[in-house]
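For reference, the structure is listed below as structure tokens.
The numbers here are math on the coordinates, done by the rules we state, and not lab data. Note that the structure is predicted; figures quoted are calculated from it, not measured. So basically every Cβ, Gly included, is an ideal-geometry build from the backbone, and we count neighbours across all protein chains shown.
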Amino acid sequence: MQVYIDTFIENFFKGIPNLLTAVAIFIVSIYLAATFSRIIRRVLGLRKAPVGVTHLLSQLTRWSIIIVGTITALQRFFDVTAFLAGLGILGFTLGFALQDVMKNFAAGIILLLQQPFHVGESIGVKEYDGTVSQIDLRTTEMKTFDGRIVILPNADVLANPIINYTRADRRRVDLPVGIPYETDTEMARKAVLEALESIPGVVTEPAAMVGFSSFGDSTLQLSTFFWIDMTRTNPLVAKDEALTRIKATLESKGIHNSLPAQIVYLQTQN
């Protein structure tokens with residue numbers, strides 16, 4: 001009996017360094033977990049991420065560091081390789097089964113960190129244009145300009161070009177204009193530029209441009225480009241104003257659009 005007691009005492013004292021090291025590793029992991037969790041909360045708070053998302057990511061970071069610290073501490077007493085291998089196989093199986101969910105989850109985190117758009121901003125993704133109404137870890141919800149509610153997986157959002165209309169302070173409006181062939185081209189050009197100057201929201205820099213682009217069936221085609229201030233108007237309103245004012249200005253100078261005409265030759269047989 002005395003031999004077992006002596007052996008236990010001897011092993012206990014030999015194991016004290018490992019025990020102290022394991023406790024130190026565990027305490028350090030708890031400290032690091034709390035520190036990184038606070039950092040995640042602060043960064044996401046500055047980026048105005050949803051509260052639920054902030055809490056989830058901070059807790060995920062915290063427990064991940066604690067688990068790694070615990071496994072490292074246990075490694076001081078016995079080999080945890082077999083245990084980690086089992087966790088790896090289980091993780092691979094779950095990851096394969098939930099690969100779409102995990103892909104959207106990872107994409108959601110990237111979108112929340114990079115913030116290419118915010119809730120309330122107007123964006124274009126794939127074939128959809130609309131206003132963002134909600135962003136979570138799996139999907140992005142938007143209301144299209146024609147009133148549809150579209151829920152897009154975050155992986156699709158991240159994999160496609162994102163157009164942020166709200167953050168563009170200036171937009172170019174392209175407008176085709178047709179004038180009769182007999183019109184003085186320089187006078188027509190000046191008339192169009194004159195009409196563009198009075199459009200609400202139009203900016204002088206970059207300057208508007210009017211150039212002849214092609215020969216139509218019954219008109220000479222002009223390509224008109226002008227820039228607008230997005231804080232004062234939008235492209236649809238600006239295009240409507242431009243068409244109305246250009247038509248009025250051209251007509252005031254005696255330039256009227258001619259209707260398409262076709263000449264038909266009739267031949268009679270005797």
By count of other Cβ within 10 Å, fewest leading, how are Phe145, Phe226 ordered? Phe145, Phe226
Considering only the other residues whose Cβ falls under 14 Å of the Cβ of Arg189, what net charge follows from Lys and Arg at +1 and Asp and Glu at -1? -2
Is there a pair in Lys126/Lys239; Lys48/Lys239; Lys143/Lys190; Lys126/Lys247 whose C-alpha atoms are over 31 Å apart, and which pairs would that be? Lys48/Lys239; Lys143/Lys190; Lys126/Lys247
By count of other Cβ within 10 Å, fewest leading, how are Leu112, Leu20, Leu74 ordered? Leu20, Leu74, Leu112
Report the full-extension gain for the segment Leu74 to Glu182: residue separation times 0.36 nm, less the Cα-Cα distance, to one decimal in nm. 29.7 nm
Over all directions, what mean area does the Cα convex hull of segment 170-252 project, stated in square nanometres? 5.1 nm²
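Could you give the length gained on full extension between Glu251 and Leu32, defined as 0.36 nm per residue of separation minus the Cα-Cα distance, in nm?
71.4 nm
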